[in-house]
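> I have a structure I would like to understand better, so I am pasting it below and will then ask my questions one at a time.
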Amino acid sequence: MLASARRLVADAGFSAATVAAIAAGSGVSVGSVYSYFDNRDALLAEVFRDSAEHEYAQVAAAVDATAGSADRLDALVSTFADRALRGRRLAWSLLFEPVIPTVDAERLRLRRWYRALGAGVIADGIADGTFVDQDAGVAASALLGAIAESLVGALNPDTSPLAGDDPDVLLATTRAFCFRALGAVPPQKEKR
C-alpha cells in the first residue's frame, strides 16, 4: 500500500493519492487500506515521511562523504537540487504542494533536519575561515529557502520549464548565489 501511494505521489502528487487509487494500485479493497491505517491523513503522512527521509538521507550521505567546508556545502546544494530536478513531480509534492496538516507537520520536521545539516556545514566553514562569521542556523534557513525558491519554476508540474531553461545553468547560478551569501567562492566544477 505504501509503495502504491508513493508511486501515485511521485507521478501525480498527494492530491492523486486517494484511498481508492491506493487500494487499486495495491490490488486490495478500500477496507483493507483502513485495516492498516486509521485514515487517509495517517497514510499520506507516512508516505511523506518515508519519501522525505529517503531524499534527506541521500543529501546527508553526499555531505558526509565529502571533506572540506566548501565541498560539503557544494554537495548539499548540488545533491539537493540535482535530485529535485531529476524527480520533478516528487520534489514538488515534498516541497510545495498544498497538503493536509498532518503532512505539513512532517514537512516542517524535514525542514528542521535540513536546517541542522546546513547549519553544521556552515558552522564548520565559519570555524575554518571558509565562510564569513554569521549565525549558522539563520544562514542555513536562508540558503535552504533560496535553493527551494530557485527550483519552484523548474519543478512546478502545472507549467513547463521555459524554452531554453537549462538545469545546469539553474544549478550553477544557485550554487554561486549560496557561496556568495556566505562570503565564499564556489569550488570549480569539472566540465562534463
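The values are calculated or read from the model by the stated rules, or taken from the named source; none is laboratory data. All of these numbers come straight from a predicted model, not from anything done at the bench. When we count neighbours, we look across all protein chains shown, and the Cβ atoms used for this are built from the backbone with ideal geometry, even at glycine. Areas reflect the complete protein model, heavy atoms only, side chains present, ligands, DNA and RNA absent. Shrake-Rupley method; radii C 1.70, N 1.55, O 1.52, S 1.80 Å.
> With everything on Cα atoms, drop me the angle between helix 167-181 and the longest principal axis of the chain, reported from 0 to 90° to the nearest 10.
So the inclination is approximately 60 degrees.
> Just to confirm the number: angle between the C-alpha axis of helix 40-64 and the first principal axis of the chain, 0 to 90 degrees, nearest 10?
Value to nearest ten degrees: 30.
> Whole Å is fine, so just give me how far the alpha carbon centre of segment 112-176 lies from that of segment 46-106.
Each part's Cα centre sits 11 Å from the other's.
> Something else about it: Can you show me the helix-derived [θ] at 222 nm for the chain, built from DSSP H runs with n ≥ 4 at -39,500 (n - 2.57) apiece and divided by the number of residues, rounded to the nearest 500. Write down the numbers at each step before the final one.
On the way: 9 runs with 139 residues, N = 192.
It lands at -24000 deg cm²/dmol.
> What is the magnitude of the charge dipole of segment 29-110 about its Cα centre, with +1 placed on the Cβ of each Lys and Arg, -1 on the Cβ of each Asp and Glu, and no other charges, expressed in debye to the nearest 20?
Working: 9 positive and 13 negative charges, 44 e Å.
It works out to roughly 220 debye.
> Would you rank Y36, Y114, Y56 by solvent-accessible area, highest first, keeping every protein chain in place and using a 1.4 Å probe? Mind dumping the intermediate values first?
Details: Y36 165, Y114 20, Y56 45 Å².
Heavy-atom accessible area, descending, gives Y36, Y56, Y114.
> Using a 1.4 angstrom probe, figure out how much accessible area segment 82-143 has per residue, in square angstrom, rounded to the nearest whole. Walk me through the intermediate numbers first.
Details: 3070 Å² over 62 residues.
Value for segment 82-143: 50 Å² per residue.
> Mind pulling the angle between the C-alpha long axis of helix 136-155 and the longest principal axis of the chain? Nearest 10 degrees, somewhere in 0 to 90.
The angle comes out at about 60 degrees.
> Suppose a student asked you for the relative contact order of segment 6-94, using Cα pairs under 8 Å spaced at least 6 residues apart; what percent would you report? Display every interim value, and only then the final one.
Numbers: 62 pairs, mean separation 30.7, N = 89.
34 percent.
> In whole percent, what relative contact order does the chain give with Cα contacts below 8 Å and a gap of six or more residues? List each step's numbers first, then the result.
On the way: 203 pairs, mean separation 40.7, N = 192.
Answer for the chain is 21 percent.
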